[in-house]
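Taking it in order: structure first as structure tokens, then the write-up.
The values are calculated or read from the model by the stated rules, or taken from the named source; none is laboratory data. Predicted model only: the values in this text are computed from it and were never measured. Backbone-built Cβ (ideal geometry, glycine too); neighbour counts: all protein chains shown. Note: accessible area is taken over every heavy atom of the protein model, side chains too, but ligands, DNA and RNA are not part of it. Shrake-Rupley method; radii C 1.70, N 1.55, O 1.52, S 1.80 Å.
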Amino acid sequence: MRVVGLMSGTSYDAVDAAAAHLTLEDGGETLRLLPLGMVSAPYEEALRAELAAALPPAPTALADVCRLDTLIGRAFADLAARADRELCGGRAELIASHGQTVYHWSTGGRVHGTLQLGRPAWIAEATGRPVVSDFRPADIAAGGQGAPLVSLIDLMLLRGRPGSPAALNLGGIANVTALPPAGPPTAFDTGPGNALLDAAVTELTDGRLGYDRDGALAAAGRVHEPLLRHLLAEPYYRLPAPKTTGKELFHPGHLRAALDGLGPLAPQDLLATLTRLTARTVADALRPLRVTEVIASGGGTRNPVLMRMLREELSPDTALLGSEALGLPAAAKEAYAFAVLGFLTLHGLPGNAPECTGARGPRVLGSLTPGHRPLRLPPTPARPPLRVSVGPPPPWRASGATHPPLQG
């Protein structure tokens with residue numbers, strides 16, 4: 001089955017689409033993923049500004065929510081149609097859309113609700129394909145955190161690797177999934193990935209820049225230790241797993257409060273300190289898990305200063321690799337993960353890892369929006385797959401073709 005996964009993370013700068021050919025093998029125990037490629041499109045500047053203005057802690061009217069739900073849905077729809085055309089030769093069978101998270105309602109270590117915008121009807125209309133969306137609420141209704149949902153895919157990818165591997169995603173918020181040799185796996189949000197870095201750059205440049213390209217500003221600065229200690233005092237870091245967070249906590253106001261009364265601070269020093277904060281909090285979260293390798297993905301992996309600091313913070317015997325080691329480009333891994341989650345939902349299979357999210361049990365995730373044709377669900381396999389195997393490029397790619405053959 002050809003599936004297109006759509007994702008926009010907490011940095012809300014672009015929509016990513018990754019296409020995969022997914023098949024069950026070994027009696028359903030293995031899900032083979034053949035990557036078909038990735039395309040991406042930035043949000044239009046006006047839409048990104050409107051979204052930024054509506055995010056917590058800003059007050060927002062329901063009219064704004066409705067408008068954003070439509071405009072984000074159209075942006076996802078446009079990219080889904082392009083991904084089907086360019087990556088699947090117009091033969092995609094399913095679209096899986098994470099949508100755009102705008103609020104994750106968490107108090108006292110418990111998640112009560114979540115909201116992702118991007119109305120799937122626009123995607124179904126533009127592509128004609130069925131769409132799985134709204135993945136997180138089922139896990140939350142079952143008592144889970146609703147995040148990180150990619151933990152199930154991480155576990156399926158990590159199984160069989162030596163030692164004690166962990167997957168790390170460095171998006172706006174950083175999250176980890178760890179698979180120890182014995183005992184249950186664990187997954188949780190460690191804190192800000194790029195969220196505070198991006199907020200600082202945006203404010204320091206009056207919106208001319210949205211992020212610290214190649215870590216150039218941080219590379220020119222020095223860590224301000226008093227500010228770092230103040231930021232590390234945030235109680236979230238000491239909460240037990242499972243736990244999840246977002247820009248409801250790590251927003252520009254969080255940074256302004258930390259800077260209040262601190263005195264003048266060079267922009268480069270601020271960026272160096274925030275980069276060290278991300279590296280330190282990720283390493284602090286991983287250290288008790290005694291991981292032997294960390295496989296990183298997400299936009300933060302493109303920041304060489306952040307990756308250097310992370311290497312410095314991790315124990316010397318912990319390897320740090322990109323998700324390319326698993327066969328998935330770092331920029332596309334989450335979009336591929338949601339393609340897999342959509343595939344599982346369509347087949348009636350659970351898409352959460354209860355031991356990681358804290359849910360009461362496995363749950364089939366998401367809501368299904370039919371496409372143009374009558375909806376026919378495939379039979380549900382006898383058991384869910386235990387692992388994902390990322391295969392080599394399919395034969396039609398090796399032969400130089402630009403899309404899969406139309407038969408089959």
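Quick notes on this one:
- Pick from region 309-323, criterion in contact (Cβ under 8 Å) with a residue 24 or more places away in the chain and part of a helix (DSSP H, G or I), ranking: farthest from residue 148 (Cα to Cα): 312
- Residues in region 282-301 that are assigned to a helix (DSSP H, G or I) and either out of contact with any Phe, Trp or Tyr (no Cβ under 9 Å at 6 or more places or on another chain) or of a type in the set (A, V, I, L, M) (or both): 282, 283, 285, 286, 287, 288, 289, 300, 301.
- Per-region count, region 290-349, residues open to solvent by less than 40 Å² (accessible area, probe 1.4 Å), at pLDDT below 95 and more than 19 Å from the chain's Cα centre (by Cα): 0
- Scanning region 237-285 for residues that are charged (D, E, K, R), in contact (Cβ under 8 Å) with a residue 12 or more places away in the chain and open to solvent by 50 Å² or more (accessible area, probe 1.4 Å) yields a total of 3.
- Residues in region 72-105 that are more than 18 Å from the chain's Cα centre (by Cα) and open to solvent by 50 Å² or more (accessible area, probe 1.4 Å): 7 in all.
- Per-region count, region 1-32, residues without any contact (Cβ under 8 Å) to a residue 60 or more places away in the chain and either in a strand (DSSP E or B) or closer than 18 Å to residue 84 by Cα (or both): 2
- Flag for residue 14 being surrounded by 16 or more Cβ atoms within 10 Å (Cβ to Cβ) and closer than 22 Å to residue 134 by Cα: yes
- Residue check, residue 134 modelled with pLDDT of 95 or more, farther than 16 Å from residue 281 by Cα, among the charged types (D, E, K, R) and touching a Gly at 6+ places or on another chain (Cβ under 6 Å): yes
- Scan of region 116-151 for residues that are surrounded by fewer than 23 Cβ atoms within 10 Å (Cβ to Cβ) and either among the β-branched types (Val, Ile, Thr) or farther than 25 Å from residue 83 by Cα (or both), ordered by number: 137, 138, 141, 142, 143
- Within region 210-236, considering residues that are of a type in the set (Asp, Glu) and open to solvent by 60 Å² or more (accessible area, probe 1.4 Å), the one nearest to residue 274 (Cα to Cα): 225
- Residues of region 246-281 that are within 20 Å of residue 209 (Cβ to Cβ) and hydrophobic (A, V, I, L, M, F, W, C): 250, 255, 259, 265, 266, 270, 271, 272, 274, 277.
- Every residue from region 199-237 that is at pLDDT 95 or above, closer than 27 Å to residue 106 by Cα and not aliphatic (A, V, I, L, M): 229, 230, 234, 235, 236, 237
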